[in-house]
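Notes follow once the structure below has been shown.
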DNA sequence: AGCGAGATTAGCT
DNA sequence: GCTAATCTCGCTG
């Protein structure tokens, strides 16, 4: 009946949500606060041993490169942060507090080091695997990806594995996609866990989501 | 529910 | 040497 109308997926890993399409390079071109806002509601797709782990972004933070005392790029390009100074739409993964990884999406053109920290997801598929990676029972989904360190653990994202990945590449094992979901509301708050420029409102959340790292 | 401490590594903002 | 875009546990109340 419908097999004639089913379009061939243009990418190797067909999305569980058939209408989703990968984000394009120019999605990541604007300033970090605009990209942080636009990323709310988008999907993160992670392929692990052939299994598709997906989550919807519900919390982000903008970091403003050389202009931002709280940003890793503030002091200029180093071996650690060089991805931030490259082309937009790439993963910047860093290691923090001796045990956690955090995932950022680089934005702005090459030479400009803005980025967006992904702080929380609503897990959509692969919850059992996420729970195993988190060493937690699968019965508490709101503990799986409700924080920047947690979501990296749940998706097995490390610096060695994912730093520098092209987040627009649907053949990669980590990329971002749009399934058409649009948040009804967006709230803005100061960023969490930083001491410098701590009062600057650059954290974006889907309000009342049960999967935020902290409530409003 | 809210606070404080410990875990543990890389980079020096 | 010290700090850091964190998380979990245990204590208090």
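Quick note: the coordinates plus some simple rules give every number you see, no bench work behind them. Since the structure is predicted, the reported quantities are computational estimates derived from the model, not experimental observations. Reconstructed Cβ throughout: ideal geometry from the backbone, glycine too, with neighbour counts over all protein chains shown.
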Item to check | Protection-proxy order for peptides A:173-184, A:202-213, A:83-94, each taking the mean of Cβ atoms within 10 Å per residue, highest first | outcome: A:83-94, A:202-213, A:173-184
Checklist entry - Rounded, prolate or oblate: which fits region A:31-121, taking a ≥ b ≥ c as square roots of the Cα gyration tensor eigenvalues, rounded meaning a/c under 1.5, else prolate when a/b beats b/c? => result prolate
Checklist entry - Given the Cα-Cα distance of residue A:132 and residue A:192 and 0.36 nm per residue of separation, how much length would full extension add, in nm? => result 18.9 nm
Checklist outcome for this item: Rounded to the nearest Å, the spacing of the alpha-carbon centers of region A:36-111 and region A:154-187 is 10 Å
Item to check | Whole-number percent relative contact order across chain A, with pairs defined as alpha carbons under 8 Å at least 6 apart | outcome: 26 percent
Checklist entry - What's the extension gain from residue A:171 to residue A:99 if we count 0.36 nm per residue and subtract their Cα-Cα distance? => result 23.0 nm
Next on the checklist: Can you compute the FRET efficiency between residue A:110 and residue A:199 using 1/(1 + (r/R0)^6), with r the Cβ-Cβ distance and R0 = 41 Å? Round to the nearest 0.05.
Outcome noted: 0.85
Checklist entry - For labels at residue A:19 and residue A:75 in the simple 7 Å Cα→Cβ model, what's the distance in nm? => result 4.8 nm
Next on the checklist: So if I restrict to the alpha-carbon atoms in chain A, what is the Rg, and what is Dmax, the biggest pairwise distance, in Å?
Outcome noted: 16.6, 60
Checklist outcome for this item: 1/(1 + (r/R0)^6) with r = Cβ-Cβ of residue A:139 and residue A:160, R0 = 30 Å, i.e. FRET efficiency to nearest 0.05, evaluates to 0.45
Checklist outcome for this item: Taking 0.36 nm per residue of separation between residue A:181 and residue A:208 and subtracting their Cα-Cα distance, the length gained on full extension comes to 8.1 nm
Next on the checklist: From the gyration tensor of the Cα coordinates in region A:110-197, what semi-axes in whole Å does the equivalent ellipsoid have, largest first, with each one equal to sqrt(5λ)?
Outcome noted: 22, 19, 16
Checklist entry - Mean residue ellipticity at 222 nm from the helices of chain A, using -39,500 (n - 2.57) per DSSP H segment of n ≥ 4 over the full residue count, to the nearest 500 deg cm²/dmol? => result -3000 deg cm²/dmol
